[in-house]
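To start, the structure under review is shown below, and the notes come after it.
No value in this document is a laboratory result; all are computed from the given coordinates. None of these values were measured; they are calculated from a predicted model. Here the Cβ positions follow ideal geometry from the backbone for every residue, glycine too, while neighbour counts run over all protein chains shown.
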Amino acid sequence: MTLEETFELHHRAVFSYAYRLTRRLDTAEDITQDCFLAFARAQHRFDPARASAKTYLFSIAHKLAAKRHRDNRPEVPLDDEVFVAPDARASSDLSSLVEQAVSELPPMQREALILFAYEGFTLEEIGGIVGADSGTVKSRLHRAREALKRRLAPAWTHLRMSK
Amino acid sequence: MDPFENEQISDSELDGLLSEWKIPPPSARLRSMVFAHGERPWWKWIWTGSIRIPVPVAIVLAIAVAFGVWKATYVERPSELRPVAELRLRIIRNQHARN
C-alpha cells in the first residue's frame with residue numbers, strides 16, 4: 001500500500017484522535033502531518049504481521065502527542081486522579097459538555113477512552129499503542145468511564161427531566 | 001426517588017453521550033502539508049531544511065571546529081633565542097696552556 005493510500009484510509013482517524021487529545025485544530029493537524037511523515041520515513045520498519053497500519057500509525061501519533069504534552073505541560077501528572085470541577089457556563093451544548101468532561105480526565109485515562117470509544121480499538125491494540133498491558137488499559141478505561149458517569153450525571157438528569 | 005437526585009448513567013447511555021462529541025474535520029491543507037513536504041526536491045533541503053542535534057554533540061562539534069580554526073591559523077612566532085637542534089662544541093685550547 002502506498003503512502004497516499006494509507007493517508008486516504010487513516011488520516012481522518014489519526015486527526016480525530018489527535019484533536020480529541022489536544023482539542024486544538026492546528027496541533028492536531030501538526031501531529032497528523034508529523035505522523036504520516038514519520039510513517040513514510042520508517043515504512044521499512046513496519047511489519048504487517050505484528051500490527052495493522054492503523055495501529056502502527058496510532059502508536060506514532062501517541063508518541064508525538066505525548067512529546068507535545070511533556071514539552072507543554074510537564075507539571076501535570078499523567079495518571080492523576082484529581083478531577084477538576086466542571087464549569088457549566090462553558091458547556092453551552094451537549095457536545096461541549098462531553099468534550100469538557102473527557103478533557104478533564106487524567107491523560108492516560110482520557111487516551112484509553114478515546115482509543116476505545118471513538119477509534120474502536122480493542123484493549124490489546126490500545127496496549128500496543130500506548131505501551132501498556134491490556135489489564136492496565138482495562139483499568140484505566142473503567143476508571144475513565146466511572147468518572148465520566150459521575151461527571152455527566154447532573155447534565156444527564158437535567159436532559160431527562162427536560163424531555 | 002428524590003427528584004433532585006442525579007440519575008445513574010448506564011454503559012449504553014454513556015456511549016450515547018460520548019457520541020455527542022462532534023469534532024471539526026481536518027482542513028484541506030493537511031494533504032498538501034504531508035505530500036508537498038514529501039515531494040520537495042532534495043536539493044531544496046540544502047536551503048530550507050533543518051536538522052536536530054543533541055546539545056552535548058553540538059558543544060563537542062563547536063569545540064572541535066574552534067580548535068581546528070585555531071590550529072589552522074596559528075603561526076609560530078620567530079624568536080631570536082631558539083633551541084639548538086644539534087649541539088657542536090668546539091674546544092679552543094690556549095697555546096700557552098700546559099697539558
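Can you tell which of A:Arg20, A:Arg45, A:Arg143 shows the greatest fluctuation in a Gaussian network model of chain A with Cα springs below 10 Å?
Residue with maximal mean-square fluctuation among A:Arg20, A:Arg45, A:Arg143: A:Arg45.
Separation between the B:Ala64 and A:Arg160 pseudo-spin-labels, each 7 Å from Cα along Cα→Cβ, expressed in nm?
6.9
Using the Karplus curve 6.51 cos²θ - 1.76 cosθ + 1.60 with θ = phi - 60°, what ³J(HN,Hα) values do you get for each residue of the range B:54-65, in whole Hz, with x for Gly and Pro?
My calculation for the range B:54-65 gives x, 4, x, 5, 4, 5, 4, 4, 4, 5, 4, 5 Hz in order.
Assuming R0 = 30 Å, what is the FRET efficiency of B:Ile53 and A:Ala40, from their Cβ-Cβ distance, to the nearest 0.05?
0.85
What list do you get for A:Tyr17, A:Tyr118, A:Tyr56 if you sort them by fewest beta carbons within 10 Å?
Fewest-to-most ranking of A:Tyr17, A:Tyr118, A:Tyr56: A:Tyr118, A:Tyr56, A:Tyr17.
Averaged over its residues, how many other protein chain Cβ atoms are within 10 Å of peptide B:9-21's Cβ atoms?
Average per residue, whole number: 6.
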